Amino acid sequence: MAVSRKDYAAHSRRVTKSPRWKALRMQALDRDGWQCVQCGERRRLEVDHILPVRDRPDLSFSLSNLQCLCGRCHSRKTRIEIGLGQPNPARQAWRQLVRMGRN
Ligand SMILES: [Zn+2]
C-alpha cells in the first residue's frame, strides 16, 4: 500500500528528533564502520530503520533494526517502501503496448 512521502517522514521524524536518537545513531554508525552497508560509501551517511518506524514503532530505538546507508541507497529504499520503487507490472505492460502502437 502506498503512503505519502510526507506521512512517512512524519513517522520517522518523531524518532529522529528525540534526544535518544543521537546516541543510538552514533552506535549504529560505529557498528557499521561508518560506511553504507549496501555500497560502502563513506560520505553522506544516514541511519535507516530496516523495518520502517511506521510499521514497527516498537523497534524505533532498537540498534538491531538500524543500518547505515548513504543518501542514495537510503532514498532508493524509501521509494520502494512508499510504493514508488517497483513499477507495477500492469502499468509496465500498458507502457509497452503504447510504445508498440506508436511504431
Ligand atoms: Zn550506499
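FYI, it's all coordinate maths here, none of it is from the lab. Since the model is a prediction, treat every value here as computed from it, not as a measurement. Ideal geometry is used to build each Cβ from the backbone, glycine not excepted, and the neighbour counts take in all protein chains shown.
The trypsin sites (Lys or Arg not before Pro) found in the chain that occupy coil by DSSP, while having at most 13 further C-beta atoms within 10 Å, are 17, 42, 43, 44. Taking θ as phi - 60° and the Karplus parameters 6.51, -1.76 and 1.60, the scalar couplings of segment 62-69 work out to 9, 4, 6, 9, 10, 8, 8, 10 Hz in sequence order, x denoting glycine and proline. Scanning residues 5 or more positions from residue 46 or on other chains, those with amide H under 5 Å from its amide H are 69, 70, 71, with H placed 1.01 Å from N in the peptide plane. If you wrap segment 5-102 in the convex hull of its Cα atoms and look at it from every side, the mean projected area works out to 8.0 nm².
Restricting segment 36-83 to GluC sites (Glu not before Pro) that sit in a DSSP loop and have at most 12 other Cβ atoms within 10 Å of their own Cβ leaves nothing.
If exposed chymotrypsin sites (Phe, Trp or Tyr not before Pro) are those in a DSSP loop with at most 16 other Cβ within 10 Å, what is the longest stretch of the chain that has none? It runs 62-103. Around the Cα centre of segment 5-102, unit charges on the Cβ atoms of Lys, Arg, Asp and Glu (plus for the first two, minus for the last two) sum to a dipole of about 520 debye. Mean residue ellipticity, 222 nm, helices only, the chain: the sum of -39500 (n - 2.57) across DSSP H runs of n ≥ 4, divided by residue count and rounded to 500, is -15000 deg cm²/dmol. Residues whose amide H falls under 5 Å from that of residue 66, counting only those 5 or more places apart or on a different chain, are 50, with hydrogens built in the peptide plane. Here the relative contact order of the chain, from alpha carbon pairs under 8 Å that lie six or more residues apart, stands at 30 percent.
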